Amino acid sequence: MGLFDRLASWLGLKKKEVHVLCLGLDNSGKTTIINKLKPANAQTQDIVPTIGFSIEKFKTSSLSFTVFDMSGQGRYRNLWEHYYKEGQAIIFVIDSSDKLRMVVAKEELETLLNHADIMHRRIPILFFANKMDLRDSLSSVKVSQLLCLENIKDKPWHICASDGLKGEGLQEGVDWLQDQIQAMKT
Amino acid sequence: MSSSSESNREGESSKWLDAHYDPVAGLNTFSSCIALADLHGDGEYKMVVGDMGNGPYNMKLKVYKGTSLLSENALLDMPTGVVAFLMDQNEPRTPAVAVASGPFIYVYKNLRPYFKFTLPALEFNALEKEVWDQAKEDKIDPLTLKEMLEGIRDKAEIPLSVRSLRYLMLDPQEMEAFVNTYKQLPLKRQTVITCMATLKKNMSDKDAVCCLVIGTENGEIFILDPEAFTILTRVSLPNVPTLLDVNGQYDIEYRVTVACRNGSVYILRRDSKRPKYSIELNSQVVGLLRVQKNIIIGTSQEILYGYSQKGKRLWTVTLPAPIMTMSLLEQKSRSIQTVLVGLKNLEVHLYRDKNLLSIISTPDIVTSVCFGRYGREDDTLIMTTKGGGLIIKILKRTAQFEGKDSSFGPPTRQSIKLNVPKKTKLYVDQTLRERENAVAMHRVFQMDLYRLRLSAARAYVKALDASLSPVSSTMQEPLTLNAIVQGIGPHFKLILNLQNTSQNRPSMQLLISFLYDERLYQLKPAFFKVPLLVPGLNYPIETFIECCSDKGISDIIKVFVLKEGKSTPLITAHISMPVSEGLVVA
């Protein structure tokens with residue numbers, strides 16, 4: 001990093017870049033959440049199921065995020081592991097109204113945590129218990145119980161209830177993620 | 001067997017995720033009454049269940065979304081089949097639900113009653129009609145009516161209508177009211193639907209318009225047009241259909257496989273007025289499926305058969321318990337088709353052809369099994385149990401079914417050809433001789449056999465006459481005798497063990513004497529008086545033998561057990577004396 005870069009980052013003109021993976025089952029709201037985090041003028045109106053993956057960028061007060069928004073459909077889930085190496089943080093989105101597939105989410109999370117590229121790294125994981133606006137949705141505490149999140153001991157994690165459509169709860173999660181990444185860097 | 005099923009059981013937890021289990025869901029249904037469909041066109045598949053309720057009450061059409069009940073519609077009669085099918089090309093493409101019950105098919109759209117199809121009425125008995133007409137004009141009283149109807153029932157070719165049959169069951173005091181209620185109504189004879197399935201009309205797409213195929217109690221198969229509900233095809237069967245499996249497309253070519261109540265399976269094809277092929281089984285068919293080009297049949301004798309589509313048997317698998325239900329497991333993403341068999345021993349077996357792939361243990365007896373897309377998950381297994389429970393399992397994305405040959409069926413070694421040597425000239429000659437002279441050879445053999453038997457019998461009689469056996473055969477004195485010779489010579493010790501084998505009769509006045517060559521042996525006491533023999537006890541009697549010869553030869557000493565006053569011995573024992581080695585050594 002040259003002198004100019006350091007000066008720029010000190011002044012807050014150029015922000016540090018982090019790569020984040022956004023994972024979760026299909027129809028859990030990954031793309032909707034990422035879309036909501038983007039600046040208002042860059043947001044799209046209609047969200048369609050992601051095919052393969054898409055790369056999105058957004059900035060927070062001190063970091064510049066590059067998000068790999070992975071498709072959650074069953075046939076694309078085997079793509080996830082190819083991006084584990086690059087990811088410096090993980091956002092895991094859960095549809096808290098889909099009680100039936102909570103076991104599937106748990107299974108995918110376990111596969112993720114036991115993967116060789118993830119297992120021995122202390123990377124922060126942010127969980128969004130999404131769709132909290134729905135009537136029959138589970139609370140974030142219940143979701144963390146069902147996913148057995150208390151068993152994750154070697155990685156910092158945080159769960160927050162969110163509503164991807166209105167954007168509620170997203171900022172809280174992203175702020176936590178930003179703090180964790182900065183704590184890791186220093 | 002046990003080890004392979006253990007490994008299957010271990011593998012089970014790595015294949016299935018337990019998504020939901022409600023032991024008190026109150027679902028009493030069978031595989032034919034469960035359908036999975038995207039009823040609202042939102043990509044979320046729902047489960048439609050025709051619930052039998054408890055006996056004849058509380059029959060409902062229930063719709064489940066995820067783990068919860070979405071809606072309920074009351075049903076008037078017992079459902080015999082529930083299918084979801086697309087009726088038309090209209091957008092949005094939401095499937096309708098057809099419920100077969102009694103002689104009707106109730107069609108629901110958006111979970112609201114939409115249409116009711118009634119089976120065409122059957123021809124009724126003219127005599128029966130005449131009798132009811134007379135009853136209508138009060139010409140005959142209820143008892144005469146009953147007698148006449150019974151007469152018609154016994155000899156008529158066309159069976160009686162439901163009304164008459166019901167009437168014959170009534171008590172005399174109820175008859176008049178029944179006649180008054182029904183006599184004004186026109187007489188109808190109707191049959192009921194026993195099974196229902198769908199058949200794609202002219203496209204093989206997943207969301208193609210489907211015709212309904214129904215089987216009826218009077219042994220007919222109907223294929224109905226999905227839009228107008230007109231009968232497109234009508235085929236008569238030799239018996240009552242109970243299970244249906246349909247594939248193909250109506251406008252192109254299709255096959256309807258029907259299991260009937262007489263234990264036969266018939267295969268119908270397009271444009272055939274009669275069944276094209278038939279499979280005769282010696283027991284009731286309880287499950288019928290088509291996997292690719294094969295027909296899989298489960299019978300009430302705990303056997304699973306595989307047949308080709310021309311009715312040729314390919315394989316047989318014996319199951320450990322009676323079959324409760326059968327269903328197809330089709331994993332479209334990997335194009336795998338396997339058969340799920342729910343058994344009475346709380347297991348669901350998964351078969352690919354005759355190979356057992358996996359065993360799923362269930363907490364209760366499974367009465368219905370359904371596999372398909374449910375909610376947003378493609379590979380979901382839904383089971384309902386005898387106690388009304390609902391089990392939902394999801395097949396893991398990473399699950400692999402190993403198609404290895406299990407212990408069922410003949411081992412692979414059996415099919416390895418042995419290296420059998422060529423037939424030699426000698427072998428061929430001998431076989432020819434044997435073939436030509438079979439009768440003579442058999443006679444020679446038989447004669448020799450009879451001779452052998454005769455000489456054996458003679459020897460036996462001789463032994464009996466002389467009481468040569470060491471066991472006495474007379475009823476008065478049942479005795480056994482055995483002798484032991486101890487020593488190496490020239491002095492031997494002879495121990496005779498005498499035992500009375502009778503239950504409670506003591507033996508008295510017995511004597512023992514010896515017969516021997518006096519030039520060879522000398523016996524010290526050569527004659528004994530035997531004491532009273534108590535039943536069951538063993539009496540050892542000892543004597544000393546001295547061998548006089550130094551030539552190294554031996555002889556036989558005979559021991560006789562005698563009864564006082566009788567010359568024939570009770571028992572004779574022959575003791576082969578050993579060669580006196582002591583003398584030789586000395």
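Observations
- Considering residues of segment B:378-389 that are assigned to a strand (DSSP E or B) and in contact (Cβ under 8 Å) with a residue 60 or more places away in the chain only, the residue nearest to the other protein chains (Cβ to nearest Cβ): B:Thr380
- From the options B:Arg433, B:Arg413, residue that is in a helix (DSSP H, G or I), more than 14 Å from chain A (Cβ to nearest Cβ) and modelled with pLDDT under 90: B:Arg413
- Whichever residue in segment B:15-48 is over 14 Å from B:Leu70 (Cβ atoms), over 31 Å from the mean Cα position of the chain (by Cα) and not in a strand (DSSP E or B) and, among such residues, is nearest to the other protein chains (Cβ to nearest Cβ): B:Gly43
- There is no residue in segment B:538-549 that is closer than 30 Å to B:Asp465 by Cβ, assigned to a loop (DSSP other than H, G, I, E, B), touching a strand residue (DSSP E or B) at 6+ places or on another chain (Cβ under 6 Å) and touching a residue at least 24 places away in the same chain (Cβ under 8 Å).
- Looking only at residues of segment B:280-332 that are within 30 Å of B:Glu377 (Cα to Cα) and among the β-branched types (Val, Ile, Thr), we find that the one that is nearest to the chain's Cα centre (by Cα) is B:Ile323.
- Residue match in segment A:129-136 (condition: surrounded by 22 or more Cβ atoms within 10 Å (Cβ to Cβ), within 27 Å of A:Asp46 (Cβ to Cβ) and either within 12 Å of chain B (Cβ to nearest Cβ) or within 12 Å of the chain's Cα centre (by Cα) (or both)): yes
- Selection of strands (runs of 3 or more DSSP E) fully inside segment B:238-356 by the criterion of at least 1 residues being acidic (Asp, Glu) and surrounded by 17 or more Cβ atoms within 10 Å (Cβ to Cβ) returns B:241-249, B:347-352.
- Some residue of segment B:516-523 being at pLDDT 85 or above, surrounded by 13 or more Cβ atoms within 10 Å (Cβ to Cβ) and within 60 Å of the chain's Cα centre (by Cα): no
- Meets criteria (of a type in the set (D, E, K, R) and modelled with pLDDT of 85 or more) for B:Glu347: yes
- Residue count for segment B:77-123 satisfying the condition of being in a loop (DSSP other than H, G, I, E, B), closer than 20 Å to B:Lys206 by Cα and under 40 Å from the mean Cα position of the chain (by Cα): 1.
- Condition broken by B:Ser455, with the remaining ones in (1) away from every other protein chain (no Cβ under 14 Å); (2) more than 26 Å from the chain's Cα centre (by Cα); (3) in a strand (DSSP E or B); (4) of a type in the set (S, T, N, Q) satisfied: (3)
- So B:Ile392, is it within 14 Å of another protein chain (Cβ to nearest Cβ), assigned to a strand (DSSP E or B) and closer than 21 Å to B:Val24 by Cα: yes
- Restricting attention to segment B:20-62, the residues being surrounded by fewer than 19 Cβ atoms within 10 Å (Cβ to Cβ) and aliphatic (A, V, I, L, M) number 1.
- Scanning segment B:332-340 finds no residues that are without any contact (Cβ under 8 Å) to a residue 40 or more places away in the chain, farther than 19 Å from B:Leu289 by Cα and away from chain A (no Cβ under 14 Å).
- Criterion violated by B:Ile488 - all others in (1) β-branched (Val, Ile, Thr); (2) modelled with pLDDT of 85 or more; (3) surrounded by 12 or more Cβ atoms within 10 Å (Cβ to Cβ) satisfied: (2)
- Residues in segment B:150-188 that are part of a helix (DSSP H, G or I) and either loosely packed, with under 12 Cβ neighbours inside 10 Å or among the small types (Gly, Ala, Ser) (or both): B:Gly151, B:Asp154, B:Lys155, B:Ser164, B:Met169, B:Pro172, B:Gln173, B:Ala177, B:Thr181.
- Just one of (1) within 14 Å of another protein chain (Cβ to nearest Cβ); (2) surrounded by 15 or more Cβ atoms within 10 Å (Cβ to Cβ); (3) not in a strand (DSSP E or B) fails for A:Leu23. It is (3).
- Segment B:354-371, residues that are touching a residue at least 60 places away in the same chain (Cβ under 8 Å) and either within 14 Å of another protein chain (Cβ to nearest Cβ) or charged (D, E, K, R) (or both): B:Asp364
- Test: residue in segment B:509-524 that is among the β-branched types (Val, Ile, Thr) and in a loop (DSSP other than H, G, I, E, B): no
- Lone qualifier among B:Ala126, B:Ala135, B:Ala197 - being over 44 Å from the mean Cα position of the chain (by Cα), of a type in the set (Gly, Ala, Ser) and surrounded by 12 or more Cβ atoms within 10 Å (Cβ to Cβ): B:Ala135
- Within segment B:49-90, considering residues that are more than 14 Å from chain A (Cβ to nearest Cβ) and among the hydroxyl-bearing types (Ser, Thr, Tyr), the one nearest to B:Val246 (Cα to Cα): B:Thr80
- For the condition free of Cβ contacts under 8 Å to residues at least 60 places away in the same chain and in contact with a Ser or Thr (Cβ under 7 Å, 6 or more places away or on another chain), A:Gly169 qualifies.
The values are calculated or read from the model by the stated rules, or taken from the named source; none is laboratory data. All values derive from a computational prediction rather than experimental measurement. Note: ideal-geometry Cβ built from the backbone for every residue, glycine included; neighbour counts use all protein chains shown.
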